[in-house]
Amino acid sequence: MSDRLPSDVVVGALLRRVNGAGGFGLVLARGDAQAGGILVVLLERGMPVRVVEHGLGPAGDTVLIDSTPEDRPHGPGGDAGDESGSAPGPDFLSAYLNRRRARDPDLWIIEVDIAAAERFAADALLGN
């Protein structure tokens with residue numbers, strides 16, 4: 001038996017924390033209730049900033065992994081994020097999430113929009 005909480009419990013806790021703190025969180029794709037991976041899209045003022053998920057670090061401990069796609073388009077033209085090119089655009093991000101979900105149908109995809117979104121994700125996914 002694993003010490004890991006079921007995925008649906010972790011997702012529920014994350015959404016309750018975000019919504020309780022005045023933010024907005026929702027399930028974009030529902031995965032396996034027991035053991036599905038959890039991918040969290042971090043938004044800031046409605047714009048995607050990063051994508052994170054939990055995984056194993058070099059020492060075997062559970063860590064938050066930056067899964068933001070690296071091959072995203074940059075700049076203000078076309079399907080881009082902000083002018084600095086640091087965030088993926090909505091269409092590009094949607095295509096990335098669809099590809100991830102096609103490869104892993106058990107994957108949960110959660111979106112949270114709140115200040116310090118990464119802290120909320122870390123608290124829920126890493127059990128802090």
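The values are calculated or read from the model by the stated rules, or taken from the named source; none is laboratory data. Computed from a prediction, not measured in an experiment: that's the story for all the values here. Neighbour counts run over all protein chains shown; Cβ positions are idealised from the backbone, glycine included.
Residue 36 meets each of the listed conditions (1) over 17 Å from residue 106 (Cα atoms); (2) assigned to a loop (DSSP other than H, G, I, E, B) apart from (1).
Return yes or no: is residue 102 surrounded by 15 or more Cβ atoms within 10 Å (Cβ to Cβ), at pLDDT 90 or above and in a helix (DSSP H, G or I)? In short, no.
Here are 93, 107, 56: which of them is at pLDDT below 95, surrounded by 14 or more Cβ atoms within 10 Å (Cβ to Cβ) and not small (Gly, Ala, Ser)?
Working: 107 fails: at pLDDT below 95; 56 fails: surrounded by 14 or more Cβ atoms within 10 Å (Cβ to Cβ).
Answer to the selection: 93.
Run down 18, 41, 27, 10 and say which single residue is outside any helix (DSSP H, G or I) and crowded, with 16+ Cβ neighbours inside 10 Å. Matching residue, one of 18, 41, 27, 10: 41.
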